[in-house]
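S.K.: Before I ask anything, here is the structure I am working with.
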Amino acid sequence: MTDEQPRGVLLGEVEVLRVVEWSGPFAPAGELVPTAPREEWERNRAWLAPDHWEPGSDRAVMALQCWVLRSNGRTIVVDPGVGDGRERPGTPAFHHRRGDLPGRLEAAGVRPQDVDLVVNTHLHADHAGGNTTAAGEEWVPAFPNARYLLPAADDFHYGPRNGYARGLREDDRLLYEDSVAPLHRAGRVVLWDTVHRIDEHLTLEEAPGHTPGSSVLRLVSGDDRAVFVGDLLHSPVQILDPARNSCFCLDPELAAASRRRILERAADERELLVPAHFGGAGAVEVRREGSRFVPRAWGVAGTGR
């Protein structure tokens with residue numbers, strides 16, 4: 001590692017590095033969070049634009065990124081993106097995409113062979129696709145020395161025993177076959193449910209609803225607190241009203257309950273919220289305002305590009 005390579009920020013004894021693959025306007029705001037009216041976006045324009053909303057096009061601004069944590073001598077990659085060259089016909093933005101996250105990680109001083117753990121907060125294409133890499137005609141683990149921590153509920157839901165999420169989307173089968181099944185064949189998978197303690201600073205906790213196995217990664221080190229919430233939040237308008245689900249939540253009622261529970265704890269314990277797709281600073285503290293929540297302060301959890 002050279003002095004020119006980006007460094008993360010320290011939260012207690014854990015270094016956190018943000019590696020951004022892409023950011024910009026994504027989905028129409030009204031499609032991404034269907035129950036958030038345009039008036040809500042307009043009322044909060046001063047802080048939603050330009051990092052989270054593009055008023056002219058009425059599109060939500062999002063980022064495709066992953067997080068690297070260095071804790072207790074281990075390097076941990078959280079949600080390694082879409083992957084390159086994937087068949088995702090049902091998701092045009094991801095179909096045959098080439099974003100070169102491995103190259104961006106190496107530029108940030110993270111070599112594939114040095115990664116000890118990979119965390120998938122859930123098994124969606126933009127969180128688990130980068131688990132593997134092409135080796136000739138086969139897919140193999142992209143991080144050859146790593147163990148992959150996968151939520152057991154999602155592994156079942158999207159796997160063959162459940163008909164690849166009951167066969168509703170071809171992309172679900174394709175994701176499992178190219179980005180999850182190869183990990184099982186290589187003996188690199190650790191399935192977990194309810195709670196999984198990684199080390200004295202890091203704990204995985206279930207937060208179901210977005211998917212059956214959706215989870216959050218909680219960091220507690222010294223006086224610092226953070227929680228990597230995956231897709232529990234796609235946009236800050238969901239902070240204002242936790243009942244608002246994204247269009248991707250499979251169980252809306254359960255997702256809303258998980259979101260409120262995590263937001264309540266974040267507000268009470270001043271945890272830094274680190275969603276998977278927020279643009280701008282990428283992380284935020286929140287405070288209660290009646291039954292809703294509002295941003296208290298935006299924070300930066302390290303940047304590598």
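S.K.: Which of the residues belonging to the range 16-35 are among the charged types (D, E, K, R) and either open to solvent by 20 Å² or more (accessible area, probe 1.4 Å) or outside any strand (DSSP E or B) (or both)? Can you show your working first?
M.R.: Of all residues in the range 16-35, those among the charged types (D, E, K, R) come to 18, 21, 31.
Within the range 16-35, GLU31 is the sole residue that qualifies.
S.K.: If a residue must be out of contact with any Phe, Trp or Tyr (no Cβ under 7 Å at 6 or more places or on another chain), buried (at least 19 other Cβ atoms within 10 Å of the Cβ) and under 22 Å from VAL16 (Cβ atoms), how many such residues does the range 211-223 contain? Give the steps one after another, and end with the answer.
M.R.: Residues of the range 211-223 out of contact with any Phe, Trp or Tyr (no Cβ under 7 Å at 6 or more places or on another chain): 211-215, 218-223.
Those left that are additionally buried (at least 19 other Cβ atoms within 10 Å of the Cβ): 211-215, 218-219.
Next, from what is left, pick out any that are under 22 Å from VAL16 (Cβ atoms): 214-215, 218-219.
Matching residues across the range 211-223 total 4.
S.K.: Looking at the range 214-233, which of the residues that are more than 13 Å from the chain's Cα centre (by Cα) and not in a strand (DSSP E or B) is nearest to GLU269 (Cα to Cα)?
M.R.: Only one residue fits best here, namely ASP223.
S.K.: Separate question: Report, by residue number, each residue of the range 244-281 that is open to solvent by 40 Å² or more (accessible area, probe 1.4 Å), of a type in the set (Asp, Glu) and not in a helix (DSSP H, G or I).
M.R.: Matches in the range 244-281: ASP251 only.
S.K.: Looking at (1) closer than 30 Å to ARG97 by Cα; (2) in contact with a strand residue (DSSP E or B) (Cβ under 7 Å, 6 or more places away or on another chain); (3) open to solvent by less than 10 Å² (accessible area, probe 1.4 Å), which is the one condition that is false for LEU202?
M.R.: The one condition LEU202 does not meet is (1).
The values are calculated or read from the model by the stated rules, or taken from the named source; none is laboratory data. The shown structure was predicted, so the numbers you read here are calculated from the model rather than taken from an experiment. FYI the Cβ positions are ideal-geometry reconstructions off the backbone, even for glycines, and counts take in every protein chain you see. Remember, those area values only see protein heavy atoms, side chains included, never the ligands or the DNA or RNA. Shrake-Rupley method; radii C 1.70, N 1.55, O 1.52, S 1.80 Å.
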